[in-house]
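Quick note: the coordinates plus some simple rules give every number you see, no bench work behind them. Note that this is a predicted model, so its numbers are computed, not measured. Cβ placement follows ideal geometry from the backbone for every residue including glycine, while neighbour counts extend to all protein chains displayed.
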Amino acid sequence: MSQSPSTIDFLGPDDFGGIFEDAIRGLRARGHDVGRFADASDYLASGRLGRVDVLVDVDVLQVGAAEMDAAPRLRALISPVIGTEEFDHAAATARNILIANGQTVENYTSMAEATVMLILASLYEFDKAITYMDDPSSRPGYPRARMLRGRTVGIIGLGKIGMAVAERLQPFACDVQAYVRTPRDLGQGIRPVGLDDLLRTSDVVVVATELNEHTRGLLGADKLALMKPNAVFVNIARGAISNDAALAALAKERTGMRLALDVFDPEPLDPASPLRALPNAILTPHMVGHTCDTFDRMPLVLLENVLDVLDAKAPRFTLNPAVAPSWSAKWAGDAR
């Protein structure tokens, strides 16, 4: 047990209750002061930010320099999922605050499998094929489906999810290329290219990068227009990376184009959004890669991350490991 009870606050929408529940129960059983909030204003009004030790946050509070400065005891910012766009990484690193997430193998593998599914569903127009069961007369005389074999897939962002997608594409004998902001060895079978070249030459464009100050608005109307007229565009990352209005206009104009979108900006997608009226789009409500395997593992990793922080131990899924040595030294006196 740590020398004194710590304050741990969980911020997330109501539907995250199932993910938070076990971790909250486990921490309270250990004597810690645990808060649960679904609204940023309610949390800030509670005054708990000034005494919080660990903040678990997803889709509620944007934690920047001001919030960190108002939380002098803050040791770590933790996301139960892979995305950490709520946190200012540079500000946290400068203040010796750890950032951790839930990038378990189940999480990124589920997303990668779902991405390949969306690619194939789009190329083979699976959504349209289902409608022909009820209306055989609408079945086209000449197939519109396209093979993945021999085509070029461009992946924007090659983190855990992007790399897992690339690995799962290898058996399909397609050409894989990727755009990454920081040049590095991408591994066998993946060709590095610039963003414009990727958009111009890819038959399938997959957005798998994280949302941050560099990628927000990355794919505006001008960039999207670079794609081939019959390109497949898949976004399983974050909606704010591309422009929904520009994407809808482009897909309406280019009837041979296919969209497969699991994320939007804002969410949920507006009922009046022009994306909903597109006959060449597959839309899912930010859940296409959610599996029971991921959700069963997520609460366990979340609790593990929090307990590691309280033990002055950098969690396995720390995103700014460079600060870990000085961070551990700073909090060692408060560890178990």
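What to note about this one:
- Surface/4 of the Cα convex hull for region 1-157, nm²: 14.2
- Dipole-positive endmost among Ile282, Met298, Gly189 within the chain (Cβ charges, Cα centre): Gly189
- Compactness index (Cα Rg / 2.2 N^0.38 Å), region 201-336: 1.42
- One decimal place: the segment Arg30-Glu253 gains 74.4 nm when fully extended, by the rule 0.36 nm per residue minus the C-alpha distance.
- With q set to 0.19 Å⁻¹, the log10 of I(q)/I(0) for region 207-256, from the Debye formula over equal scatterers at the Cα positions, is -0.59.
- Alpha carbon convex hull of region 253-317, projected area averaged over orientations, nm²: 6.9
- Relative contact order of region 41-160, pairs being alpha-carbon contacts under 8 Å that are 6 or more residues apart, as %: 18
- Around the Cα centre of the chain, unit charges on the Cβ atoms of Lys, Arg, Asp and Glu (plus for the first two, minus for the last two) sum to a dipole of about 880 debye.
- Selected from Gly31, Asn101, Gly256, residue furthest toward positive end of dipole (the chain; charges at beta carbon): Gly256
- All Cα pairs of the chain, percent lying beyond 30 Å: 41
- Considering only Val232, Val193, Val54, the Gaussian network model of the chain with Cα springs below 10 Å gives its largest mean-square fluctuation to Val193.
- About its Cα centre, the dipole of region 79-166 is roughly 460 debye, where the only charges are +1 on Lys and Arg Cβ and -1 on Asp and Glu Cβ.
- Residues within the reach of a label modelled at Ser273 (point 7 angstrom out along Cα to beta-carbon, backbone nitrogen below 15 Å), restricted to region 249-264, are 249-252, 259-264.
- GNM flexibility winner over the chain from Gly141, Gly157, Gly26 (Cα, springs under 10 Å): Gly141
- Excluding same-chain neighbours fewer than eight residues apart, the lysines reachable from Lys252 by a Cα-Cα span under 16 Å are Lys228.
- In region 34-86, trypsin sites (Lys or Arg not before Pro) in a DSSP loop with at most 13 other beta-carbon atoms within 10 Å: Arg73
- For region 112-218, the pair-distance distribution built from all alpha carbon pairs, in bins 5 Å wide starting at 0, is 2, 11, 21, 21, 16, 10, 8, 6, 3, 1, 0 percent.
- For region 103-153: Kirkwood Rh in Å [reciprocal of mean 1/r, alpha carbons]: 12.9
- Pairwise Cα separations in region 29-105 fall into 10 Å bins from 0 onward with the following percentages, short to long: 18, 55, 25, 2.
- Relative contact order %, the chain, counting alpha carbon pairs below 8 Å whose residues are six or more apart: 18
- With respect to the chain, whose longest principal axis is taken over its alpha-carbon atoms, helix 292-310 is tilted by about 30°.
- Here region 106-283 is treated with +1 on each Lys and Arg Cβ and -1 on each Asp and Glu Cβ, and its dipole about the Cα centre works out to around 520 debye.
- Residue exposure proxy: Leu61, Leu118, ordered by other Cβ atoms within 10 angstrom of their Cβ from fewest to most, comes out as Leu61, Leu118.
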